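As structure tokens, the structure follows; a few thoughts come after it.
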Amino acid sequence: MDLSFLQATLLTLLGGLPLTLNLTACSVLLGGAGALVLALMRTSGLVLLSGPARAYVFVFRGTPLLIQLFMVYYGLGQFRPALQELGLWSFFRDPYYCAVLAMAMNTAAYASEIIRGGVASVPPGALEAASACGMRPLMRLRRIVLPLAIRQALPAYGNELVLMAKATSLASTITLMEVTGLAGKMIAQTYRAVEIFACAGLIYLLLTFFLTRAVLLLEWRLSPRRPRRQPAPPTIRITGEPA
Amino acid sequence: MTATHPLPLQAAARQRTEPQRPVEKIAVLDLHKSFGSIEVLKGISLKANQGDVIAILGSSGSGKSTLLRCVNFLETPDSGDVVVCGEHVRMRRRRDGRRVPADPAQLTRVRTRASMVFQSFNLWPHMTILENVIEAPVHVQRRPRKDCIEEAEALLDRVGLAAKRHEYPAVLSGGQQQRAAIARALASHPEVLLFDEPTSALDPELVGEVLKVMRSLAEEGRTMLVVTHEMGFARHVSTRSLFLHQGRVEEEGPSAEMFAHPRTDRFRQFIQRAQS
Ligand SMILES: Nc1ncnc2c1ncn2[C@@H]1O[C@H](COP(=O)(O)OP(=O)(O)OP(=O)(O)O)[C@@H](O)[C@H]1O
Ligand SMILES: [Mg+2]
């Protein structure tokens, strides 16, 4: 065991962690906003809105993220003149933006289904009580539907967050030097794949560990629990690694 | 219209000399409502003056809930008029042919004036009891939060739940939840209270605590429409009763008289069945 090599590797790879976190955060936030819009379109009851949303989810859930990523980065390159004309080329030339866009579009599809499930789980009685006290549809959405839907969707959304954190490793295929990208570069230089991938894996393991804990904490904070005045400590469930 | 000027004076003079006319709070006129091909309400009229407590009775499926829900437009009537506190609720036809209330602001006003208490309480599970009570006053009526909290605490005290105000609905018993729901209904200063079988989802030993609160509301002169299977409440607390059968008013009148001398066979059988 070459401990000093492992240590050096770990330190180098940690240099890619900020980019990994950045990609995760940006795509999940952007994708979350998109998911909300898609979910509201799906539950609107208007074919004109729910149809496109349904088609979007069908396509983006049914194809691999890697292909979506390549489509955005390499595929759109074919339309360079048109994009240049629109002033979009500087955006699509940058692998970082392409990665965020592709991942956000992908997670939006999955997360919209999660949110839709949450919206469907809102008890009809809670909705009726909101209408009966004079709430208009938008306020009802903001004060009753979304708070309840998000609470319901949070565990599943936590899984999606973990999946996206790991999926950022695909960004290495379009030249981004996040944790996996750095690992690949190091292997090309040293040919010590086992140690280097083990270190990279360890970093992802710790990352997902903290992410799941953070989601659990949020779940606990949002759950209707006994007196708010004297909060009890959170009981942390040990959950297996999400599929 | 030459006499418009002296009219208000005349009206004021009449008020001083004549006995006060009752103030009409709810008027329902020839209400029809169908679900698909089934006509559930076949022309129902109903009037509630200030201080009336009207018990709406009838066997299951006779249209009681539908009638009550048409008053605050949780269901939209197919035809007929609903007047709440002197305000005729205007309707319009949507492009798909469905009738909907024409003016959202008016709908909000009407729903604020006629608060509803549901059979299954329908408290918002993600809010504490106090938050449930102040939700509509703070967000719908936009009254100052501090005043609303003070008032809500007084209301919760009145229904015996002051100690539970920071609890979530899930940890309360059914009776406590229903009393909280009544406090929530009172919080927006309604002029009419609508109850849809408020005690039907409760264990028998919890019915009393809710009825006690309702009786105290009746005694302070509130206008109430109460769909109920509690014959004791209908007979002794309500001022008038309305007995529905298959979407029509089969019998109505002052409760004491109606229960003492039922005029129709159906209502007689209905009370006999309820007593046995
Ligand atoms: N949303 C709906 N869609 C279709 N049918 C409905 C709907 N709501 C009520 N109905 C039907 O209308 C009829 C009257 O229902 P309603 O709930 O008004 O009766 P009710 O007198 O309140 O009965 P209960 O004592 O059981 O509550 C019933 O036959 C019911 O099946
Ligand atoms: Mg009913």
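Cβ-Cβ distances below 9 Å connect the following pairs, each with a first residue in the range B:107-124 that is within 7 Å of chain A (Cβ to nearest Cβ) and closer than 11 Å to residue B:185 by Cα, a second residue that is part of a strand (DSSP E or B) and among the aromatic types (Phe, Trp, Tyr), and a separation of six or more residues or different chains: B:116/B:195; B:118/B:195. Checking each residue in the range A:130-149 for being among the aliphatic types (A, V, I, L, M), without any contact (Cβ under 8 Å) to a residue 12 or more places away in the chain and facing another protein chain (nearest Cβ under 9 Å) picks out A:132, A:135, A:139.
Scanning the range B:31-45 for residues being among the hydroxyl-bearing types (Ser, Thr, Tyr) and either outside any loop (DSSP other than H, G, I, E, B) or open to solvent by less than 20 Å² (accessible area, probe 1.4 Å) (or both) gives a total of 2.
Every residue in the range B:47-63 that is open to solvent by less than 20 Å² (accessible area, probe 1.4 Å) and either within 16 Å of ligand 2 (Cβ to nearest atom) or under 15 Å from residue B:118 (Cβ atoms) (or both), please.
If the condition is that a residue be open to solvent by less than 20 Å² (accessible area, probe 1.4 Å) and either within 16 Å of ligand 2 (Cβ to nearest atom) or under 15 Å from residue B:118 (Cβ atoms) (or both), then B:54, B:55, B:56, B:57, B:58, B:62, B:63 are the ones that fit.
Looking at the range B:174-276, the helices (runs of 4 or more DSSP H) lying wholly inside it that each contain 2 or more residues that are within 16 Å of ligand 1 (Cβ to nearest atom), within 23 Å of residue B:114 (Cα to Cα) and of a type in the set (A, V, I, L, M, F, W, C) sit at B:231-236.
The values are calculated or read from the model by the stated rules, or taken from the named source; none is laboratory data. Keep in mind that this is a model prediction, so the values were computed, not measured. All Cβ positions, even for glycine, are placed from backbone atoms using ideal geometry, and neighbour counts span all protein chains on display. Heads up: the accessible areas ignore ligands, DNA and RNA and are worked out on the full protein's heavy atoms, side chains in. Shrake-Rupley method; radii C 1.70, N 1.55, O 1.52, S 1.80 Å.
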